Amino acid sequence: MDAVNNEQPDALRIDVTFGSGIRPLEDRLKPIMDGNADITVATPTYAQSRFRDNAVLQLPGLFRDQIESIRAYKALVDAGVLSGYQDLFVLGAFLSLGESIHSRKPTATLSDLRGQNIRVNSDIEAITLRRFGANPVILPITQTMDGLGQGTIDGVTIPTPRRP
């Protein structure tokens, strides 16, 4: 960033605002739409009212691997078939594949999820965990550690690490 800003200061300026500087997450696109920023990192999962069609992309088993999911997602965005993207130029569209569950409570079977407050990333995850008796809490990953520390959540869903 510094190298770009110093190269031609009148041509391009990069200023970074981290997620905690723009809340709630649904408002990440506001600076773009208002003309106050040119690029942002937006998480459509947290702006479901705008990106209504994205939920289908979170269904388990839909893609063979992450490369296929990224290509399909970007192709759908470029084709204009997903709602919410029409007035945006998308530089990159990424999906995480499966999520794993980590809990402070002993969890050896799916029935052990019953009654646990589990941080989830999306409505699809919430519906799935609710069927196993868990209490899903849609919460940005950036607030997960606070939730665990304060005891408001018992566990979390997080992207499964990619193996080489």
**Request:** Could you tell me which chymotrypsin sites (Phe, Trp or Tyr not before Pro) in region 57-126 are loop residues by DSSP with no more than 14 other beta carbons within 10 angstrom of their beta carbon?
**Result:** F89, F94
**Request:** For every other residue with a beta carbon closer than 15 angstrom to the beta carbon of S103, add +1 if it is Lys or Arg and -1 if Asp or Glu, then tell me the sum.
**Result:** 0
**Message:** Can you tell me the length gained on complete extension of the stretch L12 to F132, counting 0.36 nm per residue apart and subtracting the Cα distance?
**Reply:** 38.1 nm
**Request:** Take the alpha carbon atoms of region 77-121, find their radius of gyration, then divide it by 2.2 N^0.38 Å using N residues; give the quotient.
**Result:** 1.89
**Request:** First select every other residue whose beta carbon is under 15 angstrom from the beta carbon of V4; then total the charges, Lys and Arg +1, Asp and Glu -1.
**Result:** -4
**Prompt:** Which percent, to the nearest 5, of DSSP beta bridges fully inside the chain are antiparallel?
**Reply:** 45 percent
**Request:** For the chain, with all protein chains present and a 1.4 Å probe, just round the carbon and sulfur fraction of the accessible area to a whole percent.
**Result:** 55 percent
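The values are calculated or read from the model by the stated rules, or taken from the named source; none is laboratory data. Just so it is clear, the structure is predicted and the values come from calculations on it, not from any experiment. Please note: Cβ atoms are built from the backbone with ideal geometry, for glycine as well, and neighbour counts cover all protein chains shown. Note: accessible area is taken over every heavy atom of the protein model, side chains too, but ligands, DNA and RNA are not part of it. Shrake-Rupley method; radii C 1.70, N 1.55, O 1.52, S 1.80 Å.
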